[in-house]
Amino acid sequence: MPTPHTRSQDELSTVNALVSKNPDTDKHHEEEEEEIDTAAVVVPPDSGWAWVVMVASFLCCTVIDGIVFCSAIIQEELMKEFHVSKFYVTFVSSLLSGCYLMAGPFVSALANRFGFRPVTIAGAIFGAICFGLSYFATSVEFLFVVYGILGGIGFCMVYIPAVVIIGFYFEKWRALATGVALCGSGVGTFVFAPLTDLLLEKTGWRMTLAIQGIMILSCAIFGLAFRPIQPITLGVTEDGTVVDEEKTKLNGHGSTVAPTPQLHQAAFTKPLPEGRFAYSMPNSAHNTYMGASQRNHYPTAAEIFKGMNLERRPSGQGSKGTELKQLRKSQPTTPNGDPQQLTFNLHKELTTVGENEEEAENDNLLETEAKPVSIQARRHTVSGRRPQDLAKRAAGGHHDQNGHHHGQSQSSSRPMYRDDIFFTGSLTRIPQYQSQTSLAYHMSVTRLPTKQDMLEDRQKGCRICPEAVRRTLSTMLDTSLLKSPAFMCLAVSGFLTMMGFFVPFSFLTDRAVDAGMAKESAVSVISGIGMINTFARIVCGSMSSFPSVKPLWLNNVALTAGGLATIFSGVVINASTQWAFAVLFGICIACFSALRSLIAVELIGLEKLTNAFGFLMLFQGLAATIGSPIAGALYAATESYNVAFYFAGGLILLSAFLCYPLSWISSWEQKRNAKNESLSPAA
């Protein structure tokens, strides 16, 4: 049996990126700076430019989701021009909505490597080109490929960055900001349903798609707001000391202000050749059943800096132990709205006499010269260079006298290396956030890049599949998660829900017109679903912020009500009954979309959330692709629209029934895993 300290190559390379040796520094430490290896941790600003990002995300969701949910409106025109059946033409819109979801893991990998802004702009341009080319379609098969598959991929390249970036910019207001941004889905449905119908009447389906392509291009402008956040940089030397560079410089001494802390020695094992260290991975209650996935474990910044007590001390604030989230108002920003890299003091508990006076003196010094500061790793000496010079050096590295290049980790960050990047609710629902300070939390959810990742980041060039892409895909598509009964139950439930999700959007208007309603009144019901979806997301998000509210039960009630409403929506068809259905169905889809991440965290833990969302997007994308065509085939076989609604409502109701025992299944699974873990040493 392997020893507890045996680590994988991934873990070794990760720690290599943080801890290394430079034999020349002892000789030249008085003349030049030694190599600094750092770890970047993003602390959301929660203010300033973050609100601009929220608005841009809202607008992107409005355009993308509005077109997706209303894409079925053009089906009647396509049936007339290409002489195809309802079953066959539904693939046009179902491929758009399916690929829009299935491409999620791959787009996430691209965003991790190249950033939110470039991927969003590229996706908007690509999607606009696809819609423009659809103007020249000569067959419905052409639309399958260009409008459905390629257009769906372009939409995903806009949607994923627009949603994920909210978690990068918001901490305290994350639930509110995410709720507002995702309200764009409902607003888009409300706006694009009558707009698409009007364009079809005035210009035809070809010009409608061309005009929508121009609207999609506007997302490239919105994507310009998705600029990256400058991360806070933490560093460590070979001997484990961490020095606050700016405080030492301002103090004017050759030693640090506070005693330099030592890394918890239990975090490391016996040194390996070439200065490598193996990292000892802590156990997790949630992933004990993962087995093989532990081989791909990447340590967090908190695990590397294990045993330290972190405290934020921004300019003018001398209160010791104050939490980061409580001091957000005092956070200085740069002229363009980005948060500065603030001074942090990593220390053990201090009990020396005169500590308060010393802290007050240094706080006054910091107040006179508030500059962006990084915590830099040192071995013995401190350079007198300015922080700006250090930042340049950290980005580009330096050369020793032998000409060897010692590169530094750039102040870039990988969004998909955060465990909570897909979490859309209030962070107060996460136990890790409640039990520690804000900075400590962000360190605990930020996983470090590998040495290969950092090397590729410094080297300018094009790689077919860089480390940042491979690692994201391997994390999101880690098949060991499929061994979890609780997750599989949740995934199958989501699959069934999405099979019925788009059916009402495809058949509601046709059924209402067939029953004698005016087309304008029928289209207004689609808009009503979007309007109810908008308000329901806000209410659902607010309710889920209360600890006493169980997201799983809220989800179950909403799905049950939505499934029953869909089944019985055709008993009497008039404006009143269809609007009643719109209310219940709008609440259903709002709760389903808003509560997925909260339920996943409760069931499998925050550290597996990214993995869970990778499979959930694939499952739901596949379901969206086949759901409407199956309903179309049922209509073609029975000549009854109600059968399609029975099919959709039955699937949604069945998905709710699968979620009812989830709490029991999760509890049983955790007990089983705990039992297996206790027996494993004996084995």
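The values are calculated or read from the model by the stated rules, or taken from the named source; none is laboratory data. Here the structure is a predicted model, which is why all the values come from computation and not from measurement. Methodologically, a virtual Cβ is constructed for each residue, glycine included, from the backbone with ideal geometry; neighbour enumeration extends over all protein chains shown. Just so you know, the surface numbers come from the protein's heavy atoms only, side chains and all, with ligands and any DNA or RNA stripped out. Shrake-Rupley method; radii C 1.70, N 1.55, O 1.52, S 1.80 Å.
Summarising the label geometry, the points placed 7 Å from Cα in the beta-carbon direction at Ser542 and Thr638 lie 4.0 nm from one another. Across the accessible surface of the stretch 160-232, with the other protein chains kept in place and a 1.4 Å probe, carbon and sulfur atoms take up 78 percent. In the stretch 436-528, the convex hull through the Cα atoms has an average projected area of 12.7 nm², a quarter of its surface area.
Surface composition of the stretch 480-674: carbon and sulfur make up 73 percent of the accessible area, probe 1.4 Å.
When the pairs Lys172/Lys483; Lys86/Lys202; Lys519/Lys550; Lys172/Lys675 are compared against a 31 Å limit on Cα-Cα distance, Lys172/Lys483; Lys519/Lys550; Lys172/Lys675 fall above it. With a Förster radius of 25 Å applied to the beta-carbon distance between Val572 and Leu198, the computed FRET efficiency rounds to 0.30. Cα-based radius of gyration for the stretch 606-645, normalised by 2.2 N^0.38 Å, reads 1.73. Against the empirical curve 2.2 N^0.38 Å, the C-alpha radius of gyration of the stretch 471-516 lands at a ratio of 1.88. Per residue, the stretch 480-674 exposes 34 Å² of solvent-accessible protein surface, assessed with a 1.4 angstrom probe and all protein chains in place.
Compared with the alpha-carbon gap, the fully stretched path from Ser521 to Ala674 is longer by 49.4 nm at 0.36 nm per residue. Dividing the mean sequence gap of close Cα pairs (under 8 Å, 6+ apart) by how many residues the stretch 480-674 holds gives a relative contact order of 42 percent. Within the P(r) computed for the stretch 480-674, what percentage of the Cα pairs occupies the region above 29 Å? Here the tail beyond 29 Å accounts for 25 percent of pairs.
If R0 is 25 Å, the Cβ-Cβ spacing of Asp514 and Val492 corresponds to a FRET efficiency of close to 0.15. Near Val445, once Lys and Arg are set to +1 and Asp and Glu to -1 for all other residues with Cβ below 13 Å from its Cβ, the sum equals 0.
Per residue, the convex hull spanned by the Cα atoms of the stretch 106-213 measures out at 96 cubic angstrom. For the stretch 634-683, place one equal point scatterer on every Cα, skip the solvent, and apply the Debye formula. What is log10 of I(q)/I(0) at q = 0.22, 0.23 Å⁻¹? Each listed q corresponds, in turn, to -0.80, -0.82. Other residues with beta-carbon under 14 Å from the beta-carbon of Ser527 carry, at +1 per Lys or Arg and -1 per Asp or Glu, a net charge of -2. Taking one equal scatterer on every alpha-carbon of the stretch 514-573, how large is log10 of I(q)/I(0) by Debye at q = 0.22, 0.27 1/Å? For the stretch 514-573 at q = 0.22, 0.27 Å⁻¹, log10 I(q)/I(0) is -0.99, -1.17.
Looking at the stretch 62-129, none of the trypsin sites (Lys or Arg not before Pro) sits in a DSSP loop with at most 14 other Cβ atoms within 10 Å of its own Cβ.
Ligands, DNA and RNA are left out, and with a 1.4 angstrom probe the accessible area of the stretch 185-236 is 37 Å² per residue. Given a Förster distance of 22 angstrom, what is the FRET efficiency for Arg458 paired with Leu224, based on the Cβ-Cβ distance and rounded to 0.05? Result of the calculation: an efficiency of 0.30. All other residues whose Cβ lies under 13 angstrom from that of Ala600 are scored, Lys and Arg at +1 and Asp and Glu at -1, for a net of -1.
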